[in-house]
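One structure is given here, and the rest of the page talks about it.
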Amino acid sequence: MNRLVLIGAGHAHLHIIDQLRNEQLPDTEVILISPSPYQYYSGMFSGYAEGLYNEEDIRVSLPQLCEKASVDFKEEFIVSIDAEQKILLTDQGNVLSYDVVSFDIGSLTAHTEIKGVKEHARRIKPNYHFPAMVDEVRQTEHLSIVGGGIAGVELALSLQSYRMHHNEGKDVTIISGAERLLPGETIDISKKIEQIVKNKGIKLQKGSHVTEMTNDKIYTDQGTEIIYTDALWLAGPKAPSVFKQSKLPTDDKGYLQVESTLQVKEYPSIFGAGDCISLSEKPDLPKNGVFAIRQAPILWENIKGFLSTGDGSHYIPQNKWLAIMSIGHKEGFLLYGKWSYKGKIAWNLKNRIDRKFMKQYQT
């Protein structure tokens, strides 16, 4: 009897469990390990922040999904991996052996070592903390959001929309270390999103790196002091520490190093997908859920191949991808390469895509 252990319930692993509802792996026990009984979908976080979705809309019950697929669910957290002996240690002190293991645990939040950040700023990762955190910050007087990427800007706009609709709070400020918002996009797209942010009445501090936080002030390297009553820390992704601590092959940032087959070269029984991995062939790939969705069917086929025929296929990342930001009041900002579009149609498309994705795992 083989044992496949899925660690984390990201996009790729949800796909595998969904496939197992209709196609069981012969002579194979499948286990899913996750620290929460719910997997929250980050694509709908902005809609939840704005009050458009409730908590049931944005989460998947892992025990229910696993039961339908004959998968054993364990509410635990992996603290180390011994790749030579093929064993895993959990935070509950349990030791699990495996024949195949796959990681889809996402990333953590960067730069939390800055003085005062861990004590005073709220983080949305691990993502099962998100609903309670948003419920607490919606009404705060002076809300600061550190991070000028898609996640930070989208949450700022969504929370501002909620606050305006419910006449809550006083101001929202985005603090960005980069000289422009969405620094990974074109200058033209950055200008458009900055204009949207300003039109919504959100304050903007660009080119400002936070140097320290106290319980009511944020200090930056530009000499500014920002008074706040609550702060969200969205300063980019950071690799989970478990890979380096377990002496697995990683890139220079600590992400699990995998080949195009989504396997670790030195340990072919270890697979990975989503934000926790780094592809040897394309190490600079952004941490974005669209890649995990494309990786999912390849991960499934390659794990099946590893357990039986040895056959597999290769993941080749797309050069362009669709991204739709929710910008408040049921409007969206759609991005595709250098092209962008703002309007209700974009939000309606995002809402339809997100609800369809979730329905797959909620029924």
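The values are calculated or read from the model by the stated rules, or taken from the named source; none is laboratory data. Predicted model, so just to flag it, every value in this text is computed and none were measured. Cβ coordinates were reconstructed from backbone atoms using ideal geometry, including for glycine residues, and neighbour counts include every protein chain displayed. With ligands, DNA and RNA removed, areas are computed over all heavy atoms of the protein, side chains included. Shrake-Rupley method; radii C 1.70, N 1.55, O 1.52, S 1.80 Å.
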Quote the charge dipole size of segment 70-155 about the Cα centre in Debye, to the nearest 20; the model charges only the Cβ of Lys and Arg (+1) and of Asp and Glu (-1).
340
If you line up the long axis of helix 187-199 against the longest principal axis of the chain, both from Cα atoms, how many degrees apart are they, to the nearest 10?
60
Of all the accessible heavy-atom surface of segment 205-351, with the other protein chains kept in place and a 1.4 Å probe, what percent is carbon and sulfur?
52
Looking at (1) 51; (2) 25; (3) 42, which value of percent of Cα pairs over 35 Å apart comes from a calculation on the structure shown?
(2)
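Between E136 and S97, take the C-beta separation as r, use R0 = 30 Å, and let me know the FRET efficiency to the nearest 0.05.
Efficiency, rounded to the nearest 0.05: 0.15.
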Taking the chain as a Gaussian network, where each spring joins two C-alpha atoms under 10 Å apart, which residue of S340, S46, S158 fluctuates the most?
S340
Can you say what percent of the DSSP beta bridges in the chain, counting only those with both residues inside, are antiparallel? Round to 5.
50
Using unit Cβ charges (K, R positive; D, E negative) and no other charged atoms, how large, in debye to the nearest 20, is the dipole of the chain about its Cα centre?
1260
Accessible area per residue in Å² at 1.4 Å probe, computed on the chain
46
Could you state the angle between the C-alpha long axis of helix 11-20 and the longest principal axis of the C-alpha atoms of the chain, as a value from 0 to 90 degrees rounded to the nearest 10?
40
Residue separation between H209 and Q24 times 0.36 nm, minus their alpha-carbon distance, gives in nm 61.6 nm
P(r) weight above 15 Å for segment 1-97, C-alpha pairs, percent
64
Nearest 20 debye, what's the magnitude of the dipole of segment 235-361 about its Cα centre given +1 on Lys and Arg Cβ and -1 on Asp and Glu Cβ?
780
Taking Cα centroids, how far is segment 128-186 from segment 268-292 in Å?
27
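Leaving out ligands, DNA and RNA, what percent of the accessible area of segment 21-104 is carbon and sulfur, probe 1.4 Å?
After summing per-atom areas, the C and S share lands at 41 percent.
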Fully extended contour minus Cα-Cα distance, from E56 to S241, at 0.36 nm per residue:
63.6 nm
In this model, which of K192/K359; K118/K170; K282/K338 are farther than 23 Å apart at the alpha-carbon?
K192/K359; K118/K170
